[in-house]
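**Student:** Here's a structure for you.
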Amino acid sequence: MKFDTPATTSPIDQLKVIGQPVDRIDGPMKTTGTAPYAYDRHDVVPNQAYGYVVGSAIAKGRIASINLTEAKAAPGVLAIVTAENAGKLGKGNFNVARLLGGPEIEHYHQAIALVVAQTFEQARAAAALVRVDYVRAQGAYDLAAAKDSGKPAPGFGGPADSAVGDFAGAFAAAPVQLDATYTTPDHAHAMMEPHASIAAWNGDKLMLWTSNQMIAWSVADMATTLGIAKDKVRLMSPFIGGGFGGKLWIRADALLAALGARAARRPVKVALTRPLMFNNTVHRPATIQRIRIGATKDGTITAIGHEGWSGDLPGGKPEAAVFQTRMLYAGANRLTTTRLSVLDLPEGNAMRAPGEAPGMMALEIAIDEMAEKLGLDPIEFRIRNDTQVDPEKPDRKFSQRQLTECLKSGAERFGWNKRDPQSGKVRDGRWLVGMGVAAAYRGAPVMKSAARVRLDSRGIVTVETDMTDIGTGSYTIIAQTAAEMMGLPLHKVVVRLGDSTYPVSCGSGGQWGANSATAGVYAACVKLREAVAQKLGLKGDAVFADGEVRSGDRRVPLAQAAGEAGLTAEDAIEFGDLAKKYQQATFGGHFVEVGVDAATAEVRVRRMLAVCAAGRILNPKSARSQVIGSMTMGIGAALMEDLVVDKRHGFFVNHDLASYEVPVHADIPHQEVVFLDETDPMSSPMKAKGVGELGICGVTAAVANAIHNATGVRVRDYPITLDKLLKELPEIG
Amino acid sequence: MKSFTYERARQPAEAAAAAARTQGAKFIAGGTNLLDLMKLEIETPTHLIDVNGLAFDKIEPTPDGGLRIGALVRNTDLAADARVRRDYAVLSRALLAGASGQLRNKATTAGNLLQRTRCPYFYDTNQPCNKRQPGSGCSAIGGINRQQAVVGASDACIATHPSDMAVAMRALDATVETVRPDGGARQIPIAEFHRLPGDTPNVETALDPGELITAVTLPPPLGGKHLYYKVRDRASYAFALISVGAIVQPDGSGRVALGGVASKPWRIEAAEAELPRGAEAVTAKLLADAKPTSQNDFKLPLVKRTLAAVLAEARG
């Protein structure tokens, strides 16, 4: 199905099942431990051996020699894979560093060997006996030092630079100016489930049970890396214990499981250990961002400039932190630049709202600072510079944009009028109390997505698509879509995901999954409805409801319509140029109240509210879960998350969950989420968008702005740990 | 993890003798720290002597009115004990500020005292660390050291001791009781139990090879207000940036011990004479010899401010 004209009314708009806050259909499996996660799949193939990954001890250089004698002789060892014996390997389209290093080493903890043994313990013990001599090389590990060597680099979704009007002239002439530099650190996905795979060869065919967000991309990259045909790879990833972008690609666990299984001539399972995950895999790169805003005295932005610097391994991509600034606020004279330096740290890559999450961390502090300079309420300043058109291409409208409504209704609900605009004035016992606000903005990209639906003689519809559920609720909203389209209750729909033998979906990334994957299922269901009608000889007026198809006086149960053979339909949603004609994005307002301990400067978030406008909300319950999860991650970015770089040796020092701190329950207060009523006929037949990344965009700056309101201290260097506040807090008695 | 042999100890002196006799032997109780370190091959014992079966799991009054805490009393049970909550609240508060509920259920009194440092370089076997591999160097000096010691450190090591419990015990002047391989008992004042790093940061306590902790005794109740403030980057389940354990008497005199600033709980009795003059005066004496780095110099004002808050709460 081609989607190239705005959606009109369809059966999906009945909202009998779609739009309802139903429980996730996979919930009981997860809570009873029966959902099959990759590393737990003892049942899928017998005789599984265990692989243990050895990571490089240096960040850059080469292996002078590698001695496997002791390791090979250790109890239980079946095989050891290294670059020397792995044969010729390609490199996947989505990998920057090689997944098996040696002799050249590209980053710390790059995998250099896999030890395969009868048991996990044997593999781990033998891995410690692999003796490696390295020759270290000088590397670049300091973004600030490498910044000026940065080159223009395009990111996902846009060119490196953009310019409108005369930014320099307008900024210089502006009566009120802000010129500030912000930094965001490297972040780890730190998902609960580590990267894990089981590989088994059946002749020249590879079976891979893994944890992966993008099945088709990863089949292709696996085939490329191994130098085999794509149809020789079957990849299955039905359940994923969190990904956040870290599992968009194949990683060392998948490749080494395949190589280990080939070497050991039996199935091999590999999980990355937690200490390895921070440097072996990918992360959200650190940024330096300079923001300049010029405005008239009444608060109209006349010039807005956002420059971003980040680093990655040679051949890598930038953290595109300036892209949202092209879209968020009006202003006649504009400038954005993206510069990428070479750094020899582990590979930078996508993490929840790549670009926009760190970009909004900076931009939305800058807006707060500018409002303060203007003596304007920060909400009023944002509303004054709101726009209904793409500020760089004013003839291009937003399909829907309710930013002002989000901010206004949020302010009312949160009690924003109780905020003292003077910072450092509100005290509650030992706490300095402040409120902060930020806009939320995240694009709403769409991707082609296919599905197959089968109606069987029991009246059950089974949906198959290689879409993944990374904890987001894909199973449930796909079931809701099929149930709505076929006139069935939810329990009559079976959803099967994450298998490369199923039709190719959009996968889970960029918050496109919910809208695109359900639109693909919608397309397949339209075909299935046609097949049912055709089989029964019905005209175009067939109604699917209550497990029946009805036309005039005729009512046929779907089970009967399917017959013994059943009926199958397959289709894909393909998107035309509506996304080019209209800028499609999601919006929100984040409101945060913090307390800052007057003595210790410890920050505790006291309450939060997000008001979101993101098209039709397919399931308010799972959507809310996505947003509160994002808000939680945003608190992490505001207050504690920081992959600390040892700039001498080039690695993230805090590579475990004891030292890479993410929020715990005690850090998270009551979180409220409100979705504004919205349907977006430009987005898809579902009229939906996504919310999985919207929630993290801006919330971090709202925390920072609340801290400023509480203390008067403006920190532009994330995370806002207490040592950055302490010096500027008043003395205490 | 390296292969090891294992035995269950039946009798304390026998266990100590076995530990002294067997090269590379270690005791194991809760295992919350040791097992993690073994998986990473930071600890590589060849033989584990499991002391969980020994009868060290009681909290009993001592003849002089104090409390004797068995070495195997779990942190959860110790924190919840009515006598500890009433008479030694600083200890309850410190325990509950540490780790997580699950870990406290497993972790023992003796094991808590014997925790190893959480310095990230100690945890990464690719990096030099004098504590892990004597003579290899200290990566934290000149590296990442925001969490590390500001006082009592040496050119060989700037690691901190991670325990909260030990800070409270230092404020209480507890005594560590042991049994030695020859069967003799020994009492070690908590002040002398943990060592400064000097040239041998790998030697962390006053225990001799094989010597087994049997109990920790607390002196008779001291009265006063018992407070423990732990300052950290998140609200729970994080090691202290600094902590302050204090016992403050109605007349303003009292005791102060610090965590997160040194390789041992940090207390200087002479500094306590300054309590009537306030937090700044006490801190000045407590941290007179501090040599912070540019990353952790915030700990000095943080101690002062936290102590001020503690004293304000004590005054009510």
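**Student:** Please find, within the stretch B:19-41, the residue that is nearest to residue A:120 (Cα to Cα) out of those that are assigned to a helix (DSSP H, G or I) and in contact (Cβ under 8 Å) with a residue 60 or more places away in the chain.
**Tutor:** So the residue we want is B:37.
**Student:** Next question, about the same structure. Out of the residues in the stretch A:695-733 that are among the polar types (S, T, N, Q) and more than 8 Å from every other protein chain (Cβ to nearest Cβ), state the one that is surrounded by the fewest Cβ atoms within 10 Å (Cβ to Cβ).
**Tutor:** Result: A:711.
**Student:** Just the residues that are farther than 14 Å from residue A:332 by Cα, among the aliphatic types (A, V, I, L, M) and exposed (fewer than 15 other Cβ atoms within 10 Å of the Cβ), please, taken from the stretch A:173-199. Steps first, please.
**Tutor:** Of all residues in the stretch A:173-199, those farther than 14 Å from residue A:332 by Cα come to A:175-199.
Retained after the next criterion (residues that are among the aliphatic types (A, V, I, L, M)): A:176, A:178, A:180, A:188, A:190-192, A:196, A:198-199.
Passing the criteria: only A:192.
**Student:** Kindly indicate whether any position in the stretch A:137-154 is in contact (Cβ under 8 Å) with a residue 60 or more places away in the chain and in a strand (DSSP E or B).
**Tutor:** yes
**Student:** On to the next question. If I filter the stretch A:121-141 down to residues being of a type outside the set (Gly, Ala, Ser) and surrounded by fewer than 16 Cβ atoms within 10 Å (Cβ to Cβ), which single residue comes out as farthest from the other protein chains (Cβ to nearest Cβ)?
**Tutor:** Ranking the candidates gives A:138 first.
**Student:** Which strands (runs of 3 or more DSSP E) does the stretch A:423-521 wholly contain that include 2 or more residues that are aliphatic (A, V, I, L, M) and under 23 Å from residue A:19 (Cβ atoms)?
**Tutor:** A:449-455, A:461-465, A:493-497
**Student:** Among the numbered conditions (1) more than 14 Å from chain B (Cβ to nearest Cβ); (2) surrounded by fewer than 20 Cβ atoms within 10 Å (Cβ to Cβ); (3) of a type in the set (Gly, Ala, Ser); (4) within 30 Å of residue A:420 (Cα to Cα), tell me where residue A:589 comes up short.
**Tutor:** (2)
**Student:** Moving on. Take the conditions of a type outside the set (Phe, Trp, Tyr), on the phi > 0 side of the Ramachandran plot and at pLDDT 95 or above and apply them to residue A:434. Does it pass?
**Tutor:** Working: of a type outside the set (Phe, Trp, Tyr): yes; on the phi > 0 side of the Ramachandran plot: no; at pLDDT 95 or above: yes.
So residue A:434 fails the test.
**Student:** Anything in the stretch B:96-143 that is out of contact with any helix residue (DSSP H, G or I) (no Cβ under 9 Å at 6 or more places or on another chain), on the phi > 0 side of the Ramachandran plot and within 13 Å of chain A (Cβ to nearest Cβ)? List them, or say none.
**Tutor:** Of everything in the stretch B:96-143, those that are out of contact with any helix residue (DSSP H, G or I) (no Cβ under 9 Å at 6 or more places or on another chain), on the phi > 0 side of the Ramachandran plot and within 13 Å of chain A (Cβ to nearest Cβ) turn out to be B:137, B:142.
**Student:** Can you name the number of the only condition in (1) more than 24 Å from the chain's Cα centre (by Cα); (2) within 30 Å of residue B:312 (Cβ to Cβ); (3) of a type in the set (A, V, I, L, M, F, W, C) that residue A:605 fails?
**Tutor:** (1)
**Student:** Test of understanding: among B:259, B:245, B:254, which residue is buried (at least 22 other Cβ atoms within 10 Å of the Cβ), over 24 Å from residue A:602 (Cα atoms) and either acidic (Asp, Glu) or more than 9 Å from chain A (Cβ to nearest Cβ) (or both)?
**Tutor:** Among B:259, B:245, B:254, only B:254 is buried (at least 22 other Cβ atoms within 10 Å of the Cβ), over 24 Å from residue A:602 (Cα atoms) and either acidic (Asp, Glu) or more than 9 Å from chain A (Cβ to nearest Cβ) (or both).
Residue by residue, here is whether (1) surrounded by fewer than 22 Cβ atoms within 10 Å (Cβ to Cβ); (2) more than 10 Å from every other protein chain (Cβ to nearest Cβ); (3) more than 23 Å from residue B:189 (Cα to Cα); (4) touching an Asp or Glu at 6+ places or on another chain (Cβ under 9 Å) holds:
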residue: B:236; (1), (2), (3), (4): yes, no, yes, yes
residue: B:263; (1), (2), (3), (4): no, yes, no, yes
residue: B:270; (1), (2), (3), (4): yes, yes, no, no
residue: B:295; (1), (2), (3), (4): yes, no, yes, yes
residue: B:299; (1), (2), (3), (4): no, no, yes, yes
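**Student:** So, in the stretch B:216-234, of the ones that are among the hydrophobic types (A, V, I, L, M, F, W, C) and in a strand (DSSP E or B), which residue ends up farthest from the other protein chains (Cβ to nearest Cβ)?
**Tutor:** Restricting to residues being among the hydrophobic types (A, V, I, L, M, F, W, C) and in a strand (DSSP E or B), the top hit is B:218.
**Student:** So the check is Cβ under 9 Å with 6+ separation or different chains; which pairs have a first residue in the stretch A:84-97 that's over 18 Å from residue A:115 (Cβ atoms) and a second one that's among the acidic types (Asp, Glu) and in a loop (DSSP other than H, G, I, E, B)?
**Tutor:** Correct list of pairs: A:95/A:347; A:96/A:106; A:96/A:347; A:97/A:106; A:97/A:347.
**Student:** Follow-up question, since we're still on this one. Would you confirm whether any residue within the stretch B:42-52 is of a type in the set (D, E, K, R), under 20 Å from residue B:123 (Cα atoms), within 14 Å of chain A (Cβ to nearest Cβ) and not in a helix (DSSP H, G or I)?
**Tutor:** yes
**Student:** Just one of A:311, A:375 is free of Cβ contacts under 8 Å to residues at least 12 places away in the same chain and either more than 19 Å from the chain's Cα centre (by Cα) or on the phi > 0 side of the Ramachandran plot (or both); which is it?
**Tutor:** Matching residue, one of A:311, A:375: A:375.
The values are calculated or read from the model by the stated rules, or taken from the named source; none is laboratory data. In this text, all values refer to a predicted model and were calculated from it rather than measured experimentally. Quick reminder, even Gly has a Cβ in these numbers, built from the backbone with ideal geometry, and neighbours come from all protein chains shown.
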